[in-house]
1. Relative to the longest principal axis of the C-alpha atoms of the chain, give the angle of the C-alpha long axis of helix 37-55, reported between 0 and 90° and rounded to the nearest 10°.
2. With a 1.4 Å probe and all protein chains kept in place, how do Leu78, Leu40, Leu22 rank by accessible area, largest first?
3. Can you tell me which of Gly32, Gly47, Gly11 moves the most in a GNM of the chain? Springs connect C-alpha atoms under 10 Å apart.
4. Taking θ = phi - 60°, what integer Hz values does the Karplus form 6.51 cos²θ - 1.76 cosθ + 1.60 yield along segment 26-34, in sequence order, with x for Gly and Pro?
5. Pairs of alpha-carbon atoms within less than 8 angstrom and 6+ residues apart define the contacts here; what relative contact order does the chain have, in percent?
6. Calculate for the chain the 222 nm mean residue ellipticity that helices alone would give, adding -39,500 (n - 2.57) per DSSP H run of length 4 or more and normalising by residue count, nearest 500 deg cm²/dmol.
7. For helix 60-83, what angle does its Cα long axis make with the longest principal axis of the chain, in degrees from 0 to 90 and rounded to 10?
8. Just checking my list (1) 60, 29, 25; (2) 50, 30, 27; (3) 64, 31, 14 against Cα extents along the principal axes in Å computed from this structure; which label fits?
Amino acid sequence: MLFRKKKNRSGTTSVVIVEKRLGKFKHIKTIGVSSDKEELERLHTKGREGILKHSGTADIFDDYQREVVVKLITDQLLSNIVSS
């Protein structure tokens with residue numbers, strides 16, 4: 001499963017989730033339509049999350065980043081306690 005941006009005749013762009021079967025793309029779900037770049041980025045993120053949710057997998061890089069941030073905050077809090 002993957003998501004892609006598809007240009008429309010009206011000038012807008014659709015963000016859709018598709019699946020490739022037997023060499024052809026099968027439309028699964030439309031995430032949204034917009035012509036605004038910021039909105040398209042938001043839809044892009046929403047599509048990525050939708051694929052992860054649908055497939056039941058997690059993004060290990062997001063998990064790793066979350067662990068690093070938690071460790072930094074914990075270390076900072078502990079150093080403040082020891083310093084006091």
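1. Helix 37-55 sits at roughly 80 degrees to that axis.
2. Values: Leu78 95, Leu40 20, Leu22 180 Å².
From most exposed to least exposed: Leu22, Leu78, Leu40.
3. Among Gly32, Gly47, Gly11, the largest GNM mean-square fluctuation belongs to Gly11.
4. Ordered by residue, 3J(HN,Hα) equals 10, 5, 9, 7, 8, 7, x, 9, 6 Hz.
5. Details: 84 pairs, mean separation 16.6, N = 84.
Over the chain, the number comes to 20 percent.
6. Working: 2 runs with 43 residues, N = 84.
Calculated mean residue ellipticity at 222 nm is -18000 deg cm²/dmol.
7. Taking the Cα atoms of the chain, the angle to 60-83 is about 20 degrees.
8. For Cα extents along the principal axes in Å, the calculated option is (3).
The values are calculated or read from the model by the stated rules, or taken from the named source; none is laboratory data. Note that the structure is a prediction, hence the values are computed from the model and not measured. Heads up, the Cβs are rebuilt from the backbone with ideal geometry, glycines too, and the neighbour counts pull from every protein chain shown. Note: accessible area is taken over every heavy atom of the protein model, side chains too, but ligands, DNA and RNA are not part of it. Shrake-Rupley method; radii C 1.70, N 1.55, O 1.52, S 1.80 Å.
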